[in-house]
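Please read the structure below before turning to the comments.
The values are calculated or read from the model by the stated rules, or taken from the named source; none is laboratory data. None of the values given here were measured: they were computed from a predicted structure. Ideal geometry is used to build each Cβ from the backbone, glycine not excepted, and the neighbour counts take in all protein chains shown.
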C-alpha cells in the first residue's frame, strides 16, 4: 500500500511539472519581413558644406599683435579680425613720403628753370641745345616724381595688408594662430564661413546618377539633429559635369533651405535619392517595424524566429526609416519572421 501511494505521488508531480512547463511556454508576437511599397529610394552618405567658406591667409610677414576674434564668433563684412606688426612697413612709407617730397621740390625747380630757358631762347640769348637740356631735365624730374608717388602708393597698400578684415559676414570656424605668432605670406590665419547658405555634397556611382529621374524629389536625413529637424527637403539636384576617375563617382550638390537650424559645415548627412529601376537591379530591402530593432552598444539587430519559433539575435544594417517601419539593407531576407517584442524574445532565448 505504501509503495502504491508513493507511485501515485510521483506520477502526480510529473504531470504537474509537465503541465507547468507547457503553461510557461511563451508564444512570441512576430511579423514577416515584407517588401517596401512604392518607389525605391537609396541612401548615400554625404557632408554639409558652406557655399561661402574661405581660409583667410597672410599676404605680408609680421607678428600677430592684435587678435580680436575667436572660434565661434559672428563677424560683419569689413570687421577687423586681427592685426600684424606694421612698424617696418610704416617706416618704409615715411621714407617714401620724404623721397616724394624731395622729388616734388626738384620738379618745381626744374619747371621754373625750363620756363626761364624758354624766355631766353625766345630772345635769342641761348642756343637750341641749352633749351633742350632744360626741357630734358624737366621731363626727367617729372618722371622721378611719378615713380616716387607710385612707390608711396605701393607702400601704403602693403601697410594696409597688416590689418586683416572679414571679406564677408559669417562665423569664425577656426583660428590657428595666437598673439605673438609670426605670420608669413600664404600662412592661414583663420577660417570663415557663411552659415546662411549651406548645401549637402554627396558622391554617387555613375550608374546611379544616370538613373535619377528628372524632377526627382530627394530627401536629406541629418542623424545628428533631433526629431523635427532630422529630415529636410532640399532644393533641386545639381550634378557636376565631371566623373572621378579613381572611384567612378559623380558629385551631387543639394542646397539646404535658408535658415536651417543646428547645421554646420562638416556634419554628416544621408541623401535619399529616388532611383528608377533597371533590368538586373536589386530590389529594395525588406521592411520591419521600428519596435523590433534591438540596439546593444555598437550592435544593431533583430530577433529572427526559426521554423520552430525559437528566436535568434541577428545583426542587421538599417536603412531609411519611414513612419513606424525601417528598411533592412542587409542581414534579413523577405518572408523571415522577426519578433516584434525584443524583450519577450530575449526572455524566451535566455530563460532564467
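Suppose the filter is within 30 Å of residue 274 (Cα to Cα), touching a residue at least 24 places away in the same chain (Cβ under 8 Å) and in contact with a strand residue (DSSP E or B) (Cβ under 7 Å, 6 or more places away or on another chain); does residue 232 pass it? Full working, then the answer.
Numbers: within 30 Å of residue 274 (Cα to Cα): yes; touching a residue at least 24 places away in the same chain (Cβ under 8 Å): yes; in contact with a strand residue (DSSP E or B) (Cβ under 7 Å, 6 or more places away or on another chain): yes.
Taking the combined requirement at face value, the residue satisfies it.
Quick one: would you say residue 69 is at pLDDT 90 or above and in a strand (DSSP E or B)? Steps first, please.
Values: at pLDDT 90 or above: yes; in a strand (DSSP E or B): no.
Taking the combined requirement at face value, the residue does not satisfy it.
Kindly check whether there is at least one residue in segment 290-299 that is surrounded by 14 or more Cβ atoms within 10 Å (Cβ to Cβ), at pLDDT 85 or above, outside the structural domain of residue 230 (by TED's automatic domain parsing) and in a strand (DSSP E or B).
yes
Kindly list the number of the only condition in (1) crowded, with 18+ Cβ neighbours inside 10 Å; (2) over 30 Å from residue 305 (Cα atoms) that fails for residue 41.
Exception for residue 41: condition (2).
Is it the case that residue 176 is touching a residue at least 24 places away in the same chain (Cβ under 8 Å), surrounded by fewer than 16 Cβ atoms within 10 Å (Cβ to Cβ) and part of a loop (DSSP other than H, G, I, E, B)?
Working: touching a residue at least 24 places away in the same chain (Cβ under 8 Å): no; surrounded by fewer than 16 Cβ atoms within 10 Å (Cβ to Cβ): yes; part of a loop (DSSP other than H, G, I, E, B): yes.
When the stated conditions are applied, residue 176 does not pass them.
Exactly one of (1) closer than 28 Å to residue 198 by Cα; (2) modelled with pLDDT under 85 is unmet by residue 271. Its number?
Only one criterion is unmet by residue 271, namely (2).
Hey, does segment 77-94 have a residue that's in contact with a strand residue (DSSP E or B) (Cβ under 7 Å, 6 or more places away or on another chain), exposed (fewer than 14 other Cβ atoms within 10 Å of the Cβ), modelled with pLDDT of 90 or more and on the phi > 0 side of the Ramachandran plot?
Yes, the conditions are met somewhere in segment 77-94.
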